[in-house]
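Read-outs throughout are calculated quantities, based only on the coordinates presented, and are distinct from any laboratory measurement. All values reported here derive from a predicted model rather than from experimental measurement. Every residue, glycine as well, gets a Cβ built from its backbone with ideal geometry; the counts of neighbours run over all protein chains shown.
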């Protein structure tokens, strides 16, 4: 199964991205895809990608766009009332499949909390058109916008069953 998932990843990169977009710098594309899968559910931005891989703004934007277009990774943007602020705020990447993510990502732990958040994201993406995250002093994992209103705020928390108290940080997220 692990080999199959690795092959899916390579096929997506080469058939859906490299061939379609005529990308010559396959190594950087590969590294950016792995970076996005490794940083699953964590905030990042085009500027971070640009800096981490020492590439131009255009290349970072084009590679990110191609990866998103392939549906290997989805992005959730920060909720803001201003479109300009939404575009500047970065995003959180989520994998199309957590098994594929686990096979490809660079990790020293099980990342259970991040993976639980990814699973919730994938379901929300199926059910709602506008899914965001909120971050001010505290973070709310998902904000569901319906029309002009905030319909739901969802905080994902994963912990050992022996722990019965929800940490305060998981209850503290607010939207301004």
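List of remarks:
- A viscosity of 0.692 mPa s and a temperature of 37 °C, combined with the Kirkwood radius over Cα pairs in Stokes-Einstein, give a translational diffusion coefficient for the chain of 191 µm²/s.
- Helix-only CD estimate at 222 nm, as mean residue ellipticity for the chain, using -39500 (n - 2.57) per DSSP H run (n ≥ 4): -12500 deg cm²/dmol
- Compared with the direct C-alpha span, the chain from residue 159 to residue 81 gains 24.8 nm at full extension, assuming 0.36 nm per residue.
- Inter-label distance, nm, simple model (7 Å from Cα along the C-beta direction), residue 112/residue 24: 4.8 nm
- Part-to-part distance (alpha-carbon centres) for the range 112-133 and the range 61-92, which is given in Å: 15 Å
- Efficiency of FRET from Cβ geometry, residue 45 and residue 7, R₀ 30 Å, rounded to 0.05: 0.50
- Full extension of the chain segment joining residue 71 with residue 15 gains 18.9 nm, where the gain is 0.36 nm per residue of separation less the Cα-Cα distance.
- Packing-based ranking, highest mean first, of 149-157, 95-103 given that Cβ atoms within 10 Å are counted: 95-103, 149-157
- Crossing angle, helix 26-38 versus the chain [Cα axis fit, 0-90 degrees, rounded to tens]: 20 degrees
- Axis of helix 112-127 versus longest Cα principal axis of the chain: the two differ by about 90°, to the nearest ten degrees.
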